[in-house]
Amino acid sequence: MTSRNGQHPGRAALDPLSRVRAPRDPGCDVFLTGTVFLDIIFTGLDSAPVRGTESWAKGMGQSPGGVANMATALARLGLRTSLAAAFGDDHYGSYCWDALAQGEGIDLSMSRTVPGWHSPVTVSMAYEGERTMVSHGHEAPPPAGPGPFPDCPPRARAAVASLEPGRGADWIATAAGRGARIFADVGWDESGRWDLAGLADLRHCEAFLPNAGEAMRYTRTDSPRAAARALAERVPIAVVTMGEEGSYAVDGRTGESAQVPAIPVEALDPTGAGDVYVAGFLTGTLAGWPLADRLAFAGLTAALSVQEFGGSLSAPGWAEVAHWWRGVRALPGGVPPQLAHYGFLEDLLPAEALAGAPAAARPRAVPTIGFRHTA
């Protein structure tokens with residue numbers, strides 16, 4: 001699926017790393033691996049579903065989910081993204097593969113289609129600014145050969161990992177050893193131990209980005225800021241997201257800290273917002289931006305994503321960023337003080353984007369796998 005100019009609709013026209021690229025750099029900017037789900041999203045529910053009743057949603061869509069949320073967010077910000085994942089050989093798997101490879105320009109050369117394996121599925125219901133999910137799937141059978149990939153993880157500038165308490169992943173150490181900067185988040189610790197020492201791969205990480213609840217539990221602290229400072233003793237950059245309060249970060253190497261408030265928006269669907277945040281922060285880090293600018297950009301991309309439904313296909317690209325900034329500049333009285341720190345976008349966005357030049361339409365979540373067309 002390409003536009004008339006031959007470009008992928010989801011691929012960014014702006015290269016955020018153009019100023020730092022060199023001839024001998026890796027061909028891959030970011031590598032990641034994980035499970036791809038087919039996400040089916042219901043939005044516009046008046047309340048949570050009630051047992052024994054039928055609820056009707058005002059909106060519905062489907063899109064690739066799971067690790068595809070992160071991969072798409074990265075690709076839409078102009079990063080050369082490589083994904084290693086298993087895909088079912090059903091219609092769901094074919095749809096997800098085509099949406100990522102053709103629609104977003106993501107490199108799937110390290111991915112594989114598994115005969116006879118059905119795609120994992122998640123149904124997400126968004127209401128009252130939150131979401132409830134029900135998932136089904138089976139673990140993909142391991143590939144033939146000694147490792148999880150056809151070859152070692154490719155040489156890359158960075159990799160994204162989701163840390164698991166009590167478990168390490170060999171590929172993370174391998175990627176770090178090959179020069180990749182590891183950006184990691186973590187899920188809820190079902191064991192309740194919240195043992196930071198149990199995150200074995202944290203020692204390989206460049207940045208760790210938990211939410212406030214996770215960060216405080218892991219560090220036994222009583223505030224997000226104290227948690228970030230404690231985490232910065234274990235990892236070079238600690239970022240703690242704080243919901244409506246924004247995010248706070250500490251660079252343990254320099255002692256620098258920064259806090260940026262969240263942008264108030266009306267959330268339609270929060271699915272994938274955390275992945276979009278990580279993608280935005282990673283992009284700014286690889287580009288060498290100041291810490292506060294990275295937090296601001298990550299928060300902006302996450303805020304833009306929750307205003308669309310669907311996980312991966314709600315991720316914004318540079319056209320959406322430019323549209324938002326044009327709107328801020330056009331406000332009566334000019335840029336309000338609380339948004340003044342987004343002035344760094346002026347130097348990033350091309351003149352035609354700031355002038356409002358039309359951009360190619362990007363894929364969005366749609367309510368069906370595909371329509372049948374007759375000649």
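Could you identify the single residue in D293, D269, D347 that is farther than 23 Å from A227 by Cβ, charged (D, E, K, R) and either modelled with pLDDT of 95 or more or surrounded by 24 or more Cβ atoms within 10 Å (Cβ to Cβ) (or both)? Just one listed residue meets the conditions, D269. Got at least one residue in the stretch 41-49 being modelled with pLDDT under 95 and under 28 Å from F149 (Cα atoms)? No, the conditions are met nowhere in the stretch 41-49. Residues in the stretch 104-142 that are crowded, with 17+ Cβ neighbours inside 10 Å, within 20 Å of W171 (Cα to Cα) and hydroxyl-bearing (S, T, Y): S111 only.
Just checking, how many residues over the stretch 113-152 are farther than 24 Å from V306 by Cβ and at pLDDT 90 or above? Residues that pass the stated criteria total 12. Restricting to the stretch 305-343, name every residue that is assigned to a loop (DSSP other than H, G, I, E, B), of a type in the set (G, A, S) and either at pLDDT 95 or above or surrounded by 15 or more Cβ atoms within 10 Å (Cβ to Cβ) (or both). Hits for the stretch 305-343 are G310, G311, A315, G317.
Scan the stretch 71-84 for residues that are part of a helix (DSSP H, G or I) and of a type in the set (A, V, I, L, M) and the total you get is 4. Checking each residue in the stretch 100-128 for being within 23 Å of P141 (Cα to Cα), within 19 Å of the chain's Cα centre (by Cα) and of a type in the set (G, A, S) picks out A101, S111. Residue selection: E190 fails the criterion of being in a loop (DSSP other than H, G, I, E, B) and at pLDDT 95 or above. When the stretch 188-216 is examined, which residues are found to be touching a Gly at 6+ places or on another chain (Cβ under 9 Å) and buried (at least 16 other Cβ atoms within 10 Å of the Cβ)? The answer is D189, G198, L199, A200, D201, H204, L209, N211, A212, E214. Mind checking which strands (runs of 3 or more DSSP E) fall wholly inside the stretch 85-150 and carry at least 1 residues that are acidic (D, E) and touching a residue at least 60 places away in the same chain (Cβ under 8 Å)? Hits in the stretch 85-150: 130-136.
Yes/no per residue for (1) on the phi > 0 side of the Ramachandran plot; (2) out of contact with any Leu (no Cβ under 9 Å at 6 or more places or on another chain); (3) in a strand (DSSP E or B):
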| site | (1), (2), (3) |
| --- | --- |
| A207 | no, no, yes |
| A258 | no, no, yes |
| A267 | no, yes, no |
| G284 | no, no, no |
| A292 | no, yes, no |
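Looking across R181, R157, one residue alone is crowded, with 19+ Cβ neighbours inside 10 Å, in contact (Cβ under 8 Å) with a residue 24 or more places away in the chain and out of contact with any Cys (no Cβ under 8 Å at 6 or more places or on another chain). It is R181.
Applying a threshold of 9 Å to beta carbon distances and a minimum spacing of six or more residues, or different chains, the list of pairs starting in the stretch 223-249 at a residue that is in contact (Cβ under 8 Å) with a residue 60 or more places away in the chain and ending at one that is surrounded by fewer than 17 Cβ atoms within 10 Å (Cβ to Cβ) and among the aromatic types (F, W, Y) is empty. Among the residues of the stretch 228-256, those that are under 23 Å from the mean Cα position of the chain (by Cα), on the phi < 0 side of the Ramachandran plot and outside any strand (DSSP E or B) comprise A228, L231, A232, V235, P236, M242, E244, E245.
The set of residues in the stretch 24-59 that are charged (D, E, K, R) and either open to solvent by less than 20 Å² (accessible area, probe 1.4 Å) or within 30 Å of P143 (Cβ to Cβ) (or both) comprises D25, D29, D39. Please tell me if L163 is open to solvent by less than 40 Å² (accessible area, probe 1.4 Å), part of a strand (DSSP E or B) and either under 27 Å from R253 (Cα atoms) or at pLDDT 95 or above (or both). When the stated conditions are applied, L163 passes them.
The values are calculated or read from the model by the stated rules, or taken from the named source; none is laboratory data. Note that the structure is a prediction, hence the values are computed from the model and not measured. Cβ: placed from backbone, ideal geometry, glycine included. Neighbour counts: every protein chain shown. For the accessible areas, the whole protein counts, side chains as well, though only heavy atoms, and no ligand, DNA or RNA atoms are used. Shrake-Rupley method; radii C 1.70, N 1.55, O 1.52, S 1.80 Å.
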